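For reference, the structure discussed in these notes is given below.
The values are calculated or read from the model by the stated rules, or taken from the named source; none is laboratory data. Predicted model, so just to flag it, every value in this text is computed and none were measured. When we count neighbours, we look across all protein chains shown, and the Cβ atoms used for this are built from the backbone with ideal geometry, even at glycine.
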Amino acid sequence: MIPPIVRRAVDRYLAAHHRLLGVPEGAVLVLGHMRSGSTLLLHLLMTRPEVLAAGERNTAYRGRAELDLLARDCFLVNRKPFGRVRYVVDQLNHDRFVPDPQFLLHHRVWPVLLVRRPGPAIGSMARTFEGMGATVEDHARYYTARVGTLTRYAELLRGAGRAPRLITYEALTADPVATLEPLRLALGLPGPFSARYATRRFTGVRGDPSEVIKAGHVRPDQGRAEPVAPALLEAAEAAYESLLAAVP
């Protein structure tokens, strides 16, 4: 637990830091669903020294104040000297963390949509959260609803003249460097991301709880599905296809 006096001191420092240096320039918000690879993507983005994250924070974003708090937490969690970090990152896998989707149009926000094919995604949820009360059918309904929200995010961004960025789990795990190259160019980072990443204090604690994330490198994984009612799987597949269609 970080003492309040330390948080207040860091808040004051960050306010001055923003005024003097204008950094961090922005927040990359990874908008995915459970078991979509959002924790992996967060770690891969941190393979560039200009990018910093604090793991999955499970925090709602409403305005600039939350972006400043994200920056503060990234600095504190990583115990990083306050230098020229250009971007901070968080992963948001539930609708409640973006109460007003218009927030995604904030000039400091870089939304990145992330999706995994429904069969393996739902199967991974069922295995990861087994014994926690949710059924395979619950996970299928969550997937369909969440991917529907991601589609609405994509439509919002397009309507505002901002091209939505969509990454699929399958592409990310097959060739992470090439898959992330367009994002690197958009962010103006000087060098490529890497398929090997450092584990952090929050690895395995904030976000993906499995041992796989602790490997420090990308493991291609097609996953496997679990039996689910055909109607629910059909709805999930339709939601997936709608998202792909919403991003040219």
Problem set entry | Failed condition for ALA235, given (1) at pLDDT 95 or above; (2) within 28 Å of ARG86 (Cβ to Cβ); (3) hydrophobic (A, V, I, L, M, F, W, C) | (2)
Exercise. From the residues in the range 23-43 that are touching a strand residue (DSSP E or B) at 6+ places or on another chain (Cβ under 9 Å) and either charged (D, E, K, R) or closer than 9 Å to ASP90 by Cβ (or both), which one is surrounded by the fewest Cβ atoms within 10 Å (Cβ to Cβ)?
Worked result: GLU25
Problem set entry | Qualifying positions in the range 109-122 - closer than 28 Å to LEU187 by Cβ and either assigned to a helix (DSSP H, G or I) or touching a Pro at 6+ places or on another chain (Cβ under 8 Å) (or both) | PRO111, LEU113, ALA121
For this session: Could you please give the count of residues in the range 56-86 that are surrounded by 17 or more Cβ atoms within 10 Å (Cβ to Cβ), closer than 19 Å to ARG201 by Cα and modelled with pLDDT of 95 or more?
Result: 2
Exercise. Does ARG108 fit the bill of being closer than 21 Å to ARG200 by Cβ, touching a residue at least 12 places away in the same chain (Cβ under 8 Å), of a type in the set (D, E, K, R) and in contact with a Lys or Arg (Cβ under 9 Å, 6 or more places away or on another chain)?
Worked result: no
Problem set entry | All helices (runs of 4 or more DSSP H) inside the range 131-248 with 3 or more residues being among the hydroxyl-bearing types (Ser, Thr, Tyr) | 136-159
For this session: State yes or no: is MET125 in a loop (DSSP other than H, G, I, E, B), among the hydrophobic types (A, V, I, L, M, F, W, C) and farther than 23 Å from GLU181 by Cα?
Result: no
Exercise. Say we look at the range 87-118 and pick out the residues that are surrounded by fewer than 18 Cβ atoms within 10 Å (Cβ to Cβ) and among the aliphatic types (A, V, I, L, M); which of these is farthest from LEU243 (Cα to Cα)?
Worked result: VAL109
Seminar exercise, completed: Note: among THR168, THR128, THR199, just one is closer than 21 Å to GLU56 by Cα, of a type outside the set (A, V, I, L, M) and loosely packed, with under 14 Cβ neighbours inside 10 Å, namely THR199
